[in-house]
Amino acid sequence: MKILLTIEYLGTNLHGWQWQPGLRTVQGELNRVLSQVCGHSVNAEASGRTDAGVHAMGQTAHFVTDCTIPAEKFPFACNILLPPDIKILAGRTVPDSFHARFDAKQKTYLYRMYLSSHIHPLRDALAYQVVYRVDVEKMRQAAQAFVGTHDFKSFQAEGNPVPSTMRTVSRADVIQAGDELLFEVTGNGFLYNMVRIMAGTLIDVGRGKLRAEDVPAIIESRDRERAGFTAPPHGLYLKSVEYPDLDGGTSVSSIL
């Protein structure tokens, strides 16, 4: 039986998704608990890795088991054993051919910022403080340049080479709620640190260091040096992963 889980985690004290010897990771904690509950060794495979410090509202991962626990009961069976910063939100059976990574059609990431000249300790762990005065409308305008199929090499950090840097972004927007800014982007895949570099670029546009009209040329240049800074990981959230082919159109995503 193959089971797909939807998982929420607070990345602050985690070294990312992928298991690493001697380090506390989401995959390591999840495999430990799933193996204990199922009574055999389990390896959960995610829709994609998240880096150290990055959070998830709706990460997904599949695993194979022959235990008799119903898929929908795994949150109840596992959450009491999982640490407080990792919890399973939902479980469901999927076809044997399903793969959490390769069958994902779209992902949505959220980057949270707050506008303040002073650090707010209760907010600072979960959102990036922007100390500058920013023009939100210009940030929105710049975000629209990301939409479409482009070579996003300018928005890829070094250290994780891939066969192609072409990606399709279907939606990108900047939403303001009081002094909080949310950059939300949906696409068929993302390069290493791509969303964080996008967020940093939008902040640079908002503060006037870059112009909104510069962003298409930055994309076209394929030059990382021309894009903005890499925003820190603590403001980034994997919001949802979509599998429209499941049950003829069902999406598995965050319930938040």
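The values are calculated or read from the model by the stated rules, or taken from the named source; none is laboratory data. Since we're looking at a predicted model, the values are computed, not measured. Virtual Cβ from ideal backbone geometry, glycine too; neighbours counted across all protein chains shown. Just the protein is used for accessible areas: all its heavy atoms, side chains included, with ligands, DNA and RNA removed. Shrake-Rupley method; radii C 1.70, N 1.55, O 1.52, S 1.80 Å.
For segment 101-157, would you read off the P(r) tail past 18 Å as a percentage of all alpha carbon pairs?
Here the tail beyond 18 Å accounts for 57 percent of pairs.
Within segment 1-50, the ratio Rg/Rh, alpha carbon atoms throughout and Rh by Kirkwood, equals 0.95. 3J(HN,Hα) along segment 99-106, derived from phi through the Karplus expression 6.51 cos²θ - 1.76 cosθ + 1.60 where θ = phi - 60°, amounts to 9, 4, 7, 6, 8, 5, 9, 8 Hz, with x in place of Gly and Pro.
Counting Lys and Arg as +1 and Asp and Glu as -1 over every other residue whose Cβ lies under 14 Å from the Cβ of Pro233, the net charge comes to +1. Once the 1.4 Å probe is applied to the protein heavy atoms, the chain comes out at 47 Å² accessible per residue.
Per-atom-type breakdown for the chain gives carbon and sulfur 51% of the accessible area (1.4 Å probe, protein chains only).
With pairing defined as another cysteine C-beta under 4.7 Å, the cysteines of the chain that fail it are Cys78. Annotation: amide H-H contacts under 5 Å for Trp19 (H modelled 1.01 Å from N, sequence separation of 5 or more, or interchain): Gln27, Gly28. Remark on segment 1-98: ratio of C-alpha radius of gyration to 2.2 N^0.38 Å is 0.98. Segment 181-210 and segment 54-89 have Cα centres lying 30 Å from one another. Note on the chain: GNM, Cα springs under 10 Å; of Gln141, Gln36, Gln129, the largest mean-square fluctuation is that of Gln36. The length gained by stretching the chain between His120 and Leu81 to full extension, at 0.36 nm per residue less their Cα-Cα distance, is 10.8 nm. For segment 102-256, the alpha-carbon radius of gyration amounts to 1.04 times the rule-of-thumb value 2.2 N^0.38 Å expected for a compact globular protein. Relative contact order of the chain: 23 percent, from C-alpha pairs under 8 Å at least 6 residues apart in sequence. Net charge in the neighbourhood of Trp19 (other residues with Cβ under 13 Å of its Cβ; Lys, Arg +1, Asp, Glu -1) is +1.
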